[in-house]
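Asker: My questions all concern the structure below.
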């Protein structure tokens, strides 16, 4: 699929929603995953998961990216939560 390990993690998180796959297709989901990784790398710090103001900013950023790419609105909240959970797991590697 020509994605990095981080991008694959987010792609997998977005792909669990069957209606998103049907509506957007693989190419759009790959594009969203790439954009999410780039945006999260640019906006996270070592302790971002502990600061609610930073988490809120990241949440808005993720929702904006999903909305821009036409991710199904009824599934955006769950996808946002899943992406944030993935980011928390990957953040330690990014900071290191």
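The values are calculated or read from the model by the stated rules, or taken from the named source; none is laboratory data. Given the structure is predicted, the values throughout are model-derived calculations rather than measurements. Here the Cβ is made from the backbone with ideal geometry for all residues, glycine too, and neighbour counts use every protein chain on show.
Asker: Considering only the stretch 13-51, how many residues are under 18 Å from residue 88 (Cα atoms), out of contact with any helix residue (DSSP H, G or I) (no Cβ under 7 Å at 6 or more places or on another chain) and at pLDDT 90 or above?
Answerer: 1
Asker: Where the second residue is surrounded by 12 or more Cβ atoms within 10 Å (Cβ to Cβ) and not in a helix (DSSP H, G or I) and the first is free of Cβ contacts under 8 Å to residues at least 24 places away in the same chain and lies in the stretch 42-55, which pairs have Cβ atoms under 9 Å and are six or more apart or on separate chains?
Answerer: 51/45; 54/44; 54/45
Asker: Ok, one more. Among the residues of the stretch 23-33, is there at least one that is more than 19 Å from residue 2 (Cα to Cα) and assigned to a helix (DSSP H, G or I)?
Answerer: The answer is yes, given that some residue of the stretch 23-33 is more than 19 Å from residue 2 (Cα to Cα) and assigned to a helix (DSSP H, G or I).
Asker: Conditions: (1) out of contact with any helix residue (DSSP H, G or I) (no Cβ under 8 Å at 6 or more places or on another chain); (2) at pLDDT below 85; (3) under 13 Å from residue 6 (Cβ atoms). Residue 94 meets all but one. Number of the miss?
Answerer: Result: residue 94 passes all but (1).
Asker: While we're here: So residue 54 passes all but one of these: (1) touching a helix residue (DSSP H, G or I) at 6+ places or on another chain (Cβ under 7 Å); (2) at pLDDT below 85; (3) within 23 Å of residue 4 (Cα to Cα). Which condition number does it fail?
Answerer: Tallying (1) touching a helix residue (DSSP H, G or I) at 6+ places or on another chain (Cβ under 7 Å); (2) at pLDDT below 85; (3) within 23 Å of residue 4 (Cα to Cα), residue 54 fails exactly one: (3).
Asker: Just wondering, is there one or more residues in the stretch 64-72 that are in a helix (DSSP H, G or I), touching a helix residue (DSSP H, G or I) at 6+ places or on another chain (Cβ under 7 Å) and under 20 Å from residue 8 (Cβ atoms)?
Answerer: Scanning the stretch 64-72 turns up at least one residue that is in a helix (DSSP H, G or I), touching a helix residue (DSSP H, G or I) at 6+ places or on another chain (Cβ under 7 Å) and under 20 Å from residue 8 (Cβ atoms).
Asker: Would you check which residues across the stretch 16-38 are within 12 Å of residue 82 (Cα to Cα) and exposed (fewer than 15 other Cβ atoms within 10 Å of the Cβ) and list them?
Answerer: Across the stretch 16-38, the qualifying residue is only 16.
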